[in-house]
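The values are calculated or read from the model by the stated rules, or taken from the named source; none is laboratory data. Everything quoted here is computed from the prediction, not taken from an experiment. With ideal geometry, Cβ positions are generated from the backbone for all residues, glycine too; neighbour counts draw on all protein chains shown. Ligands, DNA and RNA are stripped out before the accessible areas are found, and what is left, the full protein with its side chains, is counted by its heavy atoms. Shrake-Rupley method; radii C 1.70, N 1.55, O 1.52, S 1.80 Å.
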Amino acid sequence: MSKGRFIVFEGLDGSGKGTQISLLADEMKKRGRKVYVTAEPTSSSTGGMIRDALGGFVKRDAFELSALFLADRIFHNVNPKNGIKFFIEQGIDVICDRYYYSSFAYQGIDADLDWVMDMNLNCREIIRPDLCIFLDADIDSCDERIEKNRFDREIYENKEMQRKIRNRFFEVFEKLGDSENIKIVNAAREIPEVLADIIKIYDSIKEK
């Protein structure tokens, strides 16, 4: 039995990740693929601590938050009931909304970027995705979507911080180079156009 594919979606808050993940999952299922959609932070107790920090309910140092994300990501990979590795080994494709690239871009602003990257990339329990799709949308459009769809904003969801995060994403992608399969998609278009590009990229992934 062939292994499943591991696909990660990244982008700024409000870039349309949720919509495109749902549409790609539907397309994959139509083709007969089994698909599991997940996200970070997870629903674990550590994930709850992270969400409290992101929501501004608990203040945490950037290094502390980076370490919490690492612990949550290890759990996300190795959980024997619904972990990423479990599904991939069963031949099920996994689509994840955010992964370690977000840690690099978000926590890498206030914590030491090299330290954040090293502890994730060199952890044997954290597998590397077959594909990372970065949805690139302009800051103003993302901010409008956040304002429309959120009752409260998280600590990173303001224009100044989002500009810093976008710049850091591209800095990270340059540092990673060819070691990761990262594809940047222009998300400032109509939903069907964006999806068409994503499907083409998905089709380029080789079977395991």
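Data table
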| quantity | calculated |
| --- | --- |
| Residue, modelled with the lowest pLDDT, within segment 157-174, restricted to residues that are over 11 Å from LEU12 (Cα atoms) and open to solvent by 70 Å² or more (accessible area, probe 1.4 Å) | GLU160 |
| Segment 9-25: number of residues that are farther than 25 Å from GLN107 by Cβ and either open to solvent by 10 Å² or more (accessible area, probe 1.4 Å) or of a type in the set (Lys, Arg) (or both) | 3 |
| Test: residue in segment 13-23 that is free of Cβ contacts under 8 Å to residues at least 60 places away in the same chain and in contact with a helix residue (DSSP H, G or I) (Cβ under 8 Å, 6 or more places away or on another chain) | no |
| Every residue from segment 186-208 that is within 17 Å of PRO129 (Cα to Cα) and open to solvent by less than 80 Å² (accessible area, probe 1.4 Å) | ILE198, ILE199, ILE201, TYR202, SER204, ILE205 |
| Check on SER15, within 14 Å of the chain's Cα centre (by Cα) and small (Gly, Ala, Ser) | yes |
| Elements of type helices (runs of 4 or more DSSP H) in segment 39-135, at least 1 residues being in contact (Cβ under 8 Å) with a residue 60 or more places away in the chain, out of contact with any Asp or Glu (no Cβ under 9 Å at 6 or more places or on another chain) and surrounded by fewer than 14 Cβ atoms within 10 Å (Cβ to Cβ) | 84-89 |
| Those residues of segment 160-208 which are closer than 22 Å to ILE95 by Cα and of a type in the set (Asp, Glu), in sequence order | ASP178, GLU180, GLU190, GLU193, ASP197, ASP203, GLU207 |
